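Enquirer: Can you keep this structure in mind? I'll have questions shortly.
The values are calculated or read from the model by the stated rules, or taken from the named source; none is laboratory data. Worth saying up front: this structure is predicted, and the values here are computed from it rather than measured. So basically every Cβ, Gly included, is an ideal-geometry build from the backbone, and we count neighbours across all protein chains shown.
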Amino acid sequence: MTVYADNAATTKVSDTAIAAMLPILKDNYGNPSSIHHVGQEALKILDGARAKIASLLGAEPKEIYFTSGGTEADNWAITSAATNGAKEGKKHLISTTIEHHAVLHALKRLEKNGFEVTLLEVDSNGLVTPEQVKAAIRPDTALVTIMFANNEIGTVEPIAEIGAVCREAGVPFHTDAVQAVGHIPVNVKEQNIDMLSLAAHKFHGAKGVGVLYYSKKLKLNIFQEGGAQERGKRGGTENVAGIVGLAAALEESVANISENAAKVTVLRDKLIAGLTKIERSRLNGDPIKRLPGNVNVCFEGIEGESLLLMLDMQGICASSGSACTSGSLDPSHVLLAIGLPHEIAHGSLRLSLSEYTTEAEIDYILEHVAPIVERLRSMSPVWAKIVNK
Amino acid sequence: MAYSEKVMDHFKNPRNVGVIEDASGVAEVGNAKCGDIMKMYLKIDGNETITDVKFNTFGCGAAIATSSMATELIKGRSVADALKLTNSAVVEALEGLPPVKIHCSVLAEQAVKSAVSDYYRKRGLTPPPEAIIDEHASEHVYEAEEAALAAAKAEG
């Protein structure tokens with residue numbers, strides 16, 4: 001039995017997206033830049049997808065730029081806004097301590113190149129406030145970039161309010177909405193967003209395709225040379241099938257957003273309630289302002305990678321913020337930012353659900369987590385110290 | 001990063017897990033901040049033979065597997081043999097470890113040596129030089145692993 005509970009890492013491609021993509025691969029394989037009818041047909045399809053995506057996000061088609069995914073969109077938006085700010089002598093950037101590395105590392109690189117970066121601290125639930133943003137904005141601030149929802153702990157930030165603060169101050173505002181789009185309502189117009197990143201594979205599209213929404217009011221720099229694609233800003237033949245799949249997956253997700261969110265939230269809360277019954281466990285992230293599918297719990301006295309390996313032996317796919325699973329040797333910067341000590345951050349478990357998750361799967365997870373935690377604790381000297389205190 | 005079958009075997013079925021109440025030597029190495037702690041218990045008879053060994057470990061798959069393998073390699077052997085245990089012998093017996101997990105094997109070697117040191121101290125004796133560990137050795141390896149990761153990142 002496989003229980004896939006790692007939808008924040010990636011999702012399965014929906015039948016709708018596959019059905020949309022297959023004819024492009026098989027029949028409409030033209031290059032949208034070609035002058036002949038096969039190419040022109042592909043261009044029409046591409047334009048259709050762009051228009052659909054724009055309308056689903058509250059944007060205009062000319063504000064939609066296709067990318068290879070969320071990471072590229074983040075890098076592009078941040079670098080472009082920073083470079084343009086610098087031209088006016090503005091070299092200050094604002095973000096938070098809990099951003100994805102696509103944002104944090106892009107900022108770090110700019111810092112090395114003479115920019116000043118303010119990373120706002122979050123509270124113990126992972127929230128940043130519009131007031132914090134307002135207080136941090138300076139006359140030389142070139143960009144505010146704050147994620148819509150956190151990928152690890154699921155906390156949803158007050159994006160519309162932050163956007164309003166930025167707009168009032170005349171500072172461009174970018175949001176990494178990779179975890180939010182398709183799961184909670186996102187509308188760039190209503191939420192005062194100037195730039196937004198998204199990735200198709202987080203809402204049942206394919207990997208390797210994403211979008212940068214970039215307001216027409218702002219100047220976008222060229223990302224890569226080599227062609228007139230994406231209004232001359234990003235040369236290279238478009239991933240037409242991937243883009244069409246993205247549009248179809250987004251349309252389906254947005255059409256069912258309330259229904260899916262309601263269903264997934266019930267499963268999420270059942271899972272949280274069951275897991276936090278385990279002795280010395282805690283929920284990470286805001287209990288209310290939270291992505292419908294995100295569960296993140298810490299168990300004291302155990303280490304996350306061992307937990308993941310044992311869950312995998314039972315067919316359960318999950319993730320952790322422990323050092324061993326983060327691809328680095330430190331535990332998750334997000335868990336440290338919300339104030340968890342290192343040793344507790346090592347024992348985190350993230351389960352991320354989707355509308356395909358069933359209640360039977362939740363029961364299966366609940367049935368297996370407690371005995372595994374118990375087994376790991378029974379051989380943990382850290383746990384022995386906790387219980388002997 | 002993938003673990004060898006041998007590592008997974010020792011992770012799934014760790015040998016010698018537990019506590020020895022009247023141990024001849026006990027030691028705890030590592031720190032929770034880095035995410036690995038090993039506690040090793042030795043029972044040593046009058047002939048300086050390790051008749052029993054148990055461990056408790058907080059850590060990743062590799063930390064549990066290296067602890068388990070280290071106990072297997074020293075059980076029934078002499079104290080002198082146990083002091084010859086190296087981290088590379090543990091890695092070899094496990095049919096390899098991912099590069100970022102080598103520090104776990106260093107910790108396993110240290111747990112054994114520290115427990116032997118404790119055995120000497122408990123009897124009012126000075127431990128032999130080979131039983132004295134650099135407490136920061138696994139951290140140094142860990143830092144080297146981190147530096148290698150950073151270098152790989154900078155290259156990429």
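Enquirer: Of the residues A:ALA360, A:ALA370, which is more than 9 Å from chain B (Cβ to nearest Cβ), surrounded by fewer than 21 Cβ atoms within 10 Å (Cβ to Cβ) and touching a residue at least 12 places away in the same chain (Cβ under 8 Å)?
Expert: A:ALA370
Enquirer: Got a sec? Which of A:ILE222, A:ILE302, A:ILE278 is in a loop (DSSP other than H, G, I, E, B), in contact (Cβ under 8 Å) with a residue 12 or more places away in the chain and more than 21 Å from A:ALA5 (Cα to Cα)?
Expert: The match here is A:ILE222.
Enquirer: Determine which member of the set A:GLY347, A:GLY327, A:GLY285, A:GLY293 is modelled with pLDDT under 95, of a type outside the set (Ser, Thr, Tyr) and surrounded by 22 or more Cβ atoms within 10 Å (Cβ to Cβ).
Expert: Going through A:GLY347, A:GLY327, A:GLY285, A:GLY293 in turn, the sole match is A:GLY347.
Enquirer: Still on this model: Within region A:227-266, track down each residue that is in contact with a strand residue (DSSP E or B) (Cβ under 9 Å, 6 or more places away or on another chain), part of a helix (DSSP H, G or I) and exposed (fewer than 14 other Cβ atoms within 10 Å of the Cβ).
Expert: Answer for region A:227-266, where residues must be in contact with a strand residue (DSSP E or B) (Cβ under 9 Å, 6 or more places away or on another chain), part of a helix (DSSP H, G or I) and exposed (fewer than 14 other Cβ atoms within 10 Å of the Cβ): just A:ARG231.
Enquirer: From the list B:ALA82, B:ALA147, B:ALA65, B:ALA89, which one is within 14 Å of another protein chain (Cβ to nearest Cβ) and in contact (Cβ under 8 Å) with a residue 12 or more places away in the chain?
Expert: The conditions single out B:ALA65.
Enquirer: Turning to a different aspect of this structure: Residues A:ILE159, A:ILE153, A:ILE137: which one is crowded, with 23+ Cβ neighbours inside 10 Å and over 16 Å from A:ASN284 (Cβ atoms)?
Expert: Exactly one of A:ILE159, A:ILE153, A:ILE137 is crowded, with 23+ Cβ neighbours inside 10 Å and over 16 Å from A:ASN284 (Cβ atoms), namely A:ILE159.
Enquirer: At pLDDT 95 or above and surrounded by fewer than 19 Cβ atoms within 10 Å (Cβ to Cβ), is that true of A:GLU88?
Expert: Yes.
Enquirer: Given (1) touching a helix residue (DSSP H, G or I) at 6+ places or on another chain (Cβ under 6 Å); (2) more than 10 Å from chain A (Cβ to nearest Cβ); (3) over 24 Å from A:ASP330 (Cβ atoms); (4) of a type outside the set (Phe, Trp, Tyr), identify the lone condition not met by B:PRO14.
Expert: B:PRO14 satisfies all of (1) touching a helix residue (DSSP H, G or I) at 6+ places or on another chain (Cβ under 6 Å); (2) more than 10 Å from chain A (Cβ to nearest Cβ); (3) over 24 Å from A:ASP330 (Cβ atoms); (4) of a type outside the set (Phe, Trp, Tyr) except (2).
Enquirer: Oh, and also: In region A:371-389, what residues are under 13 Å from B:ASP36 (Cα atoms) and over 34 Å from the mean Cα position of the chain (by Cα)?
Expert: The answer is A:MET379, A:PRO381.
Enquirer: Residue by residue through region A:301-319, note down the ones that are closer than 15 Å to A:LEU335 by Cα and more than 10 Å from chain B (Cβ to nearest Cβ).
Expert: Matches in region A:301-319: A:SER319 only.
Enquirer: Mind listing just one residue for me: the one in region B:27-41 that is outside any loop (DSSP other than H, G, I, E, B) and either facing chain A (nearest Cβ under 8 Å) or β-branched (Val, Ile, Thr) (or both) and, of those, surrounded by the most Cβ atoms within 10 Å (Cβ to Cβ)?
Expert: Among them, the one singled out is B:ASP36.
Enquirer: Oh, and also: Hey, can you tell me all the residues within region A:281-299 that are assigned to a loop (DSSP other than H, G, I, E, B) and either of a type in the set (Asp, Glu) or touching a helix residue (DSSP H, G or I) at 6+ places or on another chain (Cβ under 6 Å) (or both)?
Expert: Residues satisfying the conditions are A:ASP286, A:PRO292, A:GLY293.
Enquirer: Further, regarding this structure: Output the qualifying pairs, or none if there are none: Cβ atoms under 6 angstrom, residues six or more apart or on different chains, first residue in region A:134-148 and under 16 Å from A:SER215 (Cα atoms), second residue small (Gly, Ala, Ser) and assigned to a strand (DSSP E or B).
Expert: A:THR145/A:SER95
Enquirer: Scan region A:153-204 for residues that are assigned to a loop (DSSP other than H, G, I, E, B), of a type in the set (Val, Ile, Thr) and more than 18 Å from the chain's Cα centre (by Cα) and jot them down.
Expert: Result: A:VAL171, single match.
Enquirer: Still on this structure: So if I check each of A:LEU376, A:LEU351, which one is away from chain B (no Cβ under 12 Å), under 18 Å from A:LEU309 (Cβ atoms) and either touching a helix residue (DSSP H, G or I) at 6+ places or on another chain (Cβ under 8 Å) or part of a loop (DSSP other than H, G, I, E, B) (or both)?
Expert: Result: A:LEU351 is the single residue among A:LEU376, A:LEU351 that is away from chain B (no Cβ under 12 Å), under 18 Å from A:LEU309 (Cβ atoms) and either touching a helix residue (DSSP H, G or I) at 6+ places or on another chain (Cβ under 8 Å) or part of a loop (DSSP other than H, G, I, E, B) (or both).
Enquirer: From the residues in region B:17-26 that are more than 10 Å from every other protein chain (Cβ to nearest Cβ) and not in a strand (DSSP E or B), which one is nearest to B:MET69 (Cα to Cα)?
Expert: B:ILE20
Enquirer: Take A:SER332 and decide whether it is within 14 Å of chain B (Cβ to nearest Cβ), among the hydroxyl-bearing types (Ser, Thr, Tyr) and touching a Gly at 6+ places or on another chain (Cβ under 7 Å).
Expert: yes
Enquirer: On to the next question. Exactly one of these conditions fails for A:VAL264: (1) within 14 Å of another protein chain (Cβ to nearest Cβ); (2) in contact with a Leu (Cβ under 9 Å, 6 or more places away or on another chain). Give me its number.
Expert: (1)
Enquirer: Another question, if that's okay. Test A:HIS368 against the criterion of being over 22 Å from the mean Cα position of the chain (by Cα), within 29 Å of A:HIS101 (Cβ to Cβ) and not acidic (Asp, Glu), and give yes or no.
Expert: Answer is no for this residue.
Enquirer: Given the conditions (1) in a loop (DSSP other than H, G, I, E, B); (2) more than 15 Å from A:LEU119 (Cα to Cα), report the number of the one that A:MET147 does not fulfil.
Expert: (2)
Enquirer: Before we move on, is A:ILE78 in a loop (DSSP other than H, G, I, E, B) and either among the charged types (D, E, K, R) or in contact (Cβ under 8 Å) with a residue 12 or more places away in the chain (or both)?
Expert: The answer is no for A:ILE78.
Enquirer: Which condition number in (1) under 29 Å from B:MET8 (Cβ atoms); (2) of a type outside the set (A, V, I, L, M); (3) surrounded by fewer than 24 Cβ atoms within 10 Å (Cβ to Cβ); (4) in contact with a strand residue (DSSP E or B) (Cβ under 8 Å, 6 or more places away or on another chain) is the one that A:GLY321 fails?
Expert: (3)
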